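This structure is in structure tokens; I'll ask about it shortly.
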Amino acid sequence: MHSAAGLQRAQQIHLPGNRLPARWAGRTRFVVLDTAFGAGHHFLATWQAWRDDPQRCETLFFVGIEEHPLPAADLAQAHAHSPWPDLAALLQAAWPVPVSNLHRQVFEGGRVQWLLGVGAAPSLLPKMRLQADAVFLGHVMPEVVAGHFLKAVAAHAAPGATLASAQHGAALHQPLLTAGFVPQTVSLAGQSAALSAALTAADFAPRHRLHRAPSAEVRGRRAVVVGAGLAGAAAAQALAQAGWQVTVLERHQAPAQETSGNPGGLFHGTVNADDGPYARLFRAAALRAHTTHAAAVAQGVPGAAQGLLRLDARSGGLPALQAMLQRTGLPPSYVEVLSADAASALAGLPLPAPAWHYPAGGWIEPLAWVRWALATPGVALRTGAAVQRLQRATGAPGAPAAWQVLDAEDQLLAEADAVVLCNAAQAQALLAPLAGPGTLPWPLRHTRGQVTQFSAAHTLRLPVAGDGYAIPLPGAMLCGATREAGEPGPPSLRDEDHHHNLERLQRLTGLQPAPEASLSGRTGWRLHTDDRLPICGALQALQMPPGQRADQARLLPREPGLFVLTALGARGLTLAPLLAQLVAAQASGTPWPLEQDLVDAIDPGRWRVRAARQATGATGKAG
Ligand SMILES: Cc1cc2nc3c(=O)[nH]c(=O)nc-3n(C[C@H](O)[C@H](O)[C@H](O)COP(=O)(O)OP(=O)(O)OC[C@H]3O[C@@H](n4cnc5c(N)ncnc54)[C@H](O)[C@@H]3O)c2cc1C
């Protein structure tokens with residue numbers, strides 16, 4: 001879209017048609033939904049209007065949908081005549097990798113938050129979770145589709161929401177009325193010829209009762225996070241950045257003493273030929289992880305966010321990988337296929353097989369990352385605080401009471417409006433006494449893993465994964481990791497595991513420790529579920545009402561103020577930043593950074609849904 005037309009549309013249609021800026025004055029937050037984001041001209045105009053307004057809301061959320069985002073290289077051209085080159089430059093720098101996911105970025109120290117959904121609005125919008133106060137409606141398709149689409153828009157309208165569109169007339173007004181909006185045509189005398197002579201402005205005033213998925217929004221802003229590993233640190237950071245006062249309770253005397261204490265770990269995306277929910281979830285998480293980890297590295301956390309190679313020696317070689325990549329249509333800014341020679345050139349040493357190159361992958365030191373995230377303003381860490389029990393305080397009638405967190409002597413450790421359980425398998429133990437039949441247990445499993453480290457002068461420039469992995473630590477090499485099912489025990493090191501790690505390092509990179517080098521390492525236990533997906537989000541009601549419909553995760557009632565983030569398996573570094581932001585968004589009632597079908601896939605109540613479906617003989621996937 002040409003910038004002049006986009007700018008005029010925002011300033012003459014969308015902002016006045018939604019009675020902005022007046023309607024956001026004095027609000028804590030205000031959410032705009034733009035169904036045709038284009039090159040972001042509406043966003044820039046809205047952002048500038050927000051900047052110019054002394055009565056502006058505290059936080060502006062701008063949610064855009066765009067099926068075909070411009071290539072990053074063309075964006076500067078599209079913004080060439082923007083009256084706000086400084087804002088345009090910020091948007092260009094934050095422009096996401098063009099893959100079909102939701103992409104979140106923050107500006108103005110978090111006071112302006114942008115979420116871009118890449119996909120066709122009619123199919124993507126129903127999967128998004130947000131409450132829009134103002135809708136910038138793009139061009140609407142023919143009537144039948146419009147009716148369907150506008151219902152999806154209405155499903156995301158907050159009480160008192162408004163809508164504006166450059167279109168007008170019965171073809172739009174009738175479906176708007178059916179969807180619950182009361183439209184009127186407002187004439188635009190003297191406006192530019194680029195726009196029509198009238199606009200549609202509509203107020204959301206549905207006559208029918210709205211059926212919406214239960215919300216997990218919490219009223220207060222005090223949170224307790226139990227556990228200071230990767231999950232807990234990420235949750236604490238995300239909540240603090242969303243304006244919560246967070247206390248992290250950790251049973252050890254220091255954070256990250258258990259599974260999250262390795263000297264290095266990998267983060268990266270994934271490629272699946274079908275691009276199903278698993279691939280979309282891990283891609284969204286990997287892109288978020290890159291942004292977060294790059295910021296951490298820039299602030300001194302040991303690591304590198306400049307790419308990762310994943311060797312793939314499958315039969316068919318390079319052509320097979322190239323064909324698979326072509327089928328997915330993924331862009332090279334997310335993943336590309338390299339020959340063994342090209343991968344070797346990038347890695348700085350000879351590699352034996354072609355590789356997937358993830359430019360947004362990398363490695364980071366989990367322990368240092370945890371400390372960095374816990375240092376976020378608004379987060380207080382209490383170590384030596386082992387949580388034994390949760391109970392509800394006695395609250396005001398009608399309002400969900402705060403949670404109390406107690407130790408083994410039944411002493412109160414903390415009281416909060418929200419509790420996020422990030423204490424790995426122990427989350428289940430804390431919930432068990434509160435849970436009614438069928439809520440728990442989760443099918444959790446542990447896998448023991450050992451990493452091996454030795455001092456080495458090497459030329460490896462990027463982490464390399466495949467069968468095992470090699471991480472180039474400064475002046476040292478870290479390789480791993482073993483996998484062995486079994487419950488946690490003493491974290492002792494085994495010589496045969498070192499041997500196994502070194503064998504695979506040799507096959508991957510040809511590297512070996514010098515004969516005199518001494519080996520060190522670390523042992524931990526990964527926590528998995530039976531479907532290898534994490535457990536994340538608002539907890540389902542622990543005492544489910546009799547007769548409650550349970551065939552879709554999104555319909556399950558929630559336990560007010562109780563959230564969980566655990567079972568991160570072997571991918572904690574990739575998953576934790578995005579999933580923490582999901583928890584923070586659910587608790588805060590702000591737009592979710594993940595589509596509903598992906599949230600269903602990791603929902604803590606998904607085993608209840610499976611059981612309900614089995615009981616009724618239903619088939620198909622959640623949601
Ligand atoms: C050998 C190995 C290699 C790995 N490599 C990678 C890799 O390359 N990339 C990657 O992404 N992931 C990797 N992982 C996985 C990653 O380490 C985990 O996904 C991650 O550490 C899990 O973090 P967590 O916070 O859920 O759990 P944890 O780190 O176990 O943290 C849970 C915390 O809760 C605390 N706690 C428990 N109960 C209580 C209580 N009652 N009260 C207070 N505190 C409590 C614990 O003390 C602990 O600090 C690896 C794992 C292993 C074992």
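The values are calculated or read from the model by the stated rules, or taken from the named source; none is laboratory data. Please read these numbers as outputs of a predicted model, since none were measured by experiment. We place every Cβ from the backbone using ideal geometry, glycine too, and count neighbours over all the protein chains shown. Protein only, heavy atoms only, side chains kept; ligands, DNA and RNA dropped before computing areas. Shrake-Rupley method; radii C 1.70, N 1.55, O 1.52, S 1.80 Å.
Taking every DSSP beta bridge that has both residues in the range 3-204, what percent is antiparallel when rounded to the nearest 5?
Numbers: 17 of 38 bridges.
Percent antiparallel among DSSP bridges in the range 3-204 is about 45.
Of the options 160, 71, 186, report the single residue whose Cα projects farthest towards the positive end of the charge dipole of the range 3-204 (beta-carbon charges: Lys, Arg +1; Asp, Glu -1).
Result: 160, furthest along the dipole toward the positive end.
Let me ask something else. So how do 354-367, 87-100 stack up, highest first, on mean other-Cβ count within 10 Å?
By packing density, highest mean first, the sequence is 354-367, 87-100.
Right, here's the next one. Tell me what the chain gives for mean residue ellipticity at 222 nm when only DSSP H runs of n ≥ 4 count, each as -39,500 (n - 2.57), the sum divided by the residue total, rounded to 500 deg cm²/dmol. Each step should come with its number before you reach the end.
On the way: 17 runs with 180 residues, N = 623.
So the helix-based figure for the chain works out to -8500 deg cm²/dmol.
Classify the range 36-90 as rounded, prolate or oblate from the Cα gyration tensor: take a ≥ b ≥ c as the square roots of its eigenvalues, call it rounded if a/c is under 1.5, otherwise prolate when a/b beats b/c and oblate if not.
Oblate.
Another question, if that's okay. What order do 70, 390 take when sorted by accessible area (1.4 Å probe), most exposed first? Display every interim value, and only then the final one.
Values: 70 55, 390 5 Å².
Largest accessible area first, the list is 70, 390.
Find how many whole Å separate the alpha carbon centroid of the range 33-74 from the alpha carbon centroid of the range 210-265.
Centre-to-centre (Cα) distance: 29 Å.
Quick check: the angle from helix 495-509's long axis to the longest principal axis of the chain, C-alpha only, nearest 10 degrees?
On a 0 to 90 degree scale, this one is about 60.
Moving on to the next point. Give the long-range amide H neighbours of residue 157: residues separated by 5 or more places, or on another chain, with amide H under 5 Å away, using H modelled in the peptide plane at 1.01 Å from N.
Residues meeting the criterion, in which the H sits 1.01 Å from N, are 132.
Continuing with this model, one more query. Summarise the accessible area of the chain (1.4 Å probe, protein heavy atoms) by the percent that is carbon and sulfur. Before the final figure, lay out the partial values.
Numbers: 13430 of 25200 Å².
Percent of accessible area from carbon and sulfur atoms in the chain: 53.
Still on this structure: Just flag the trypsin sites (Lys or Arg not before Pro) in the range 236-330 sitting in loop per DSSP whose Cβ has no more than 15 other Cβ atoms within 10 Å. Spell out each step's value before the answer.
Numbers: sites: 251, 280, 283, 288, 310, 314, 327; in loops: 251, 314.
The qualifying sites are 314.
Kindly report the accessible area of the range 467-557 per residue (heavy atoms of protein chains, probe 1.4 Å, no ligands, DNA or RNA), in Å². If you can, show how the numbers build up before the last one.
On the way: 4330 Å² over 91 residues.
So the range 467-557 comes to 48 Å² accessible per residue, rounded to a whole number.
Quick check: net charge around residue 473, other residues with Cβ under 14 Å of its Cβ, Lys/Arg +1 and Asp/Glu -1? Before the final figure, lay out the partial values.
Working: positive: 461, 522; negative: 365.
With Lys, Arg at +1 and Asp, Glu at -1, the neighbours total +1.
Enter the accessible area per residue of the range 3-204 (Å², integer; probe 1.4 Å; all protein chains in place).
On the way: 7840 Å² over 202 residues.
Roughly 39 Å² per residue, with all protein chains present.
OK, next. What ranking do 516-527, 412-423, 119-130 get when scored by the average of other Cβ atoms within 10 Å per residue, highest first?
Details: 516-527: 16.8, 412-423: 23.7, 119-130: 19.2.
In descending order of packing, they fall as 412-423, 119-130, 516-527.
Considering only the chain, what is the antiparallel percent among its DSSP beta bridges, to the nearest 5?
Numbers: 66 of 105 bridges.
In the chain, approximately 65 percent of DSSP beta bridges are antiparallel ones.
Could you please report the charge total around residue 299, scoring K, R as +1 and D, E as -1 over all other residues with beta-carbon less than 15 angstrom from its beta-carbon?
Values: positive: 371; negative: 365.
Taking every Cβ under 15 Å from that of residue 299, the sum is 0.
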